[in-house]
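> Dropping the structure in here first, questions after.
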Amino acid sequence: MKDFSNASFSPDLIKAMDQALEGAVATLPEPVNSTRVQTIAENILRSAKDGERDPRTLQTMALVEMQLRSDE
């Protein structure tokens, strides 16, 4: 996982990130492998660290970035 050791998140933002992660993973076909979950989590953390707060936007951004990376 990328280094997020210097990141600090409020309880409300942690809740939003959790909602985003759960929502994103729920959209994936079964079985969902741990690499995809890790990629989504990293994308959500990065977006939240950059200032995004909306769970739906965090979810969408993480899924889009995952899709873009899988096309490479």
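> How high is the FRET efficiency from Ser70 to Asp50, r the C-beta distance, R0 25 Å, rounded to 0.05? Walk me through the intermediate numbers first.
Numbers: r = 22 Å, r/R0 = 0.87.
My answer for the efficiency is 0.70.
> Moving to a separate point now. Pick the calculated Kirkwood radius over Cα pairs in Å for this structure from (1) 13.6; (2) 12.6; (3) 12.2?
(3)
> Over the chain, what percent of the accessible surface lies on carbon and sulfur atoms, probe 1.4 Å?
Values: 2420 of 4810 Å².
Answer for the chain: carbon and sulfur cover 50 percent of the accessible area.
> Below 8 Å between Cα atoms, with a sequence gap of 6+, how large is the relative contact order for the stretch 10-72 in percent? Show your work: numbers first, answer last.
Details: 47 pairs, mean separation 26.5, N = 63.
Reported as a whole number, the value is 42 percent.
> Take peptides 46-59, 27-40, 8-21 and line them up by average Cβ neighbours within 10 Å, highest first, as a rough protection proxy. Write out the running numbers ahead of the final one.
Working: 46-59: 16.3, 27-40: 11.6, 8-21: 14.6.
Going from most to least packed, we get 46-59, 8-21, 27-40.
The values are calculated or read from the model by the stated rules, or taken from the named source; none is laboratory data. Nothing here was measured: the structure is a model prediction, and the numbers come from that model. Virtual Cβ from ideal backbone geometry, glycine too; neighbours counted across all protein chains shown. Just the protein is used for accessible areas: all its heavy atoms, side chains included, with ligands, DNA and RNA removed. Shrake-Rupley method; radii C 1.70, N 1.55, O 1.52, S 1.80 Å.
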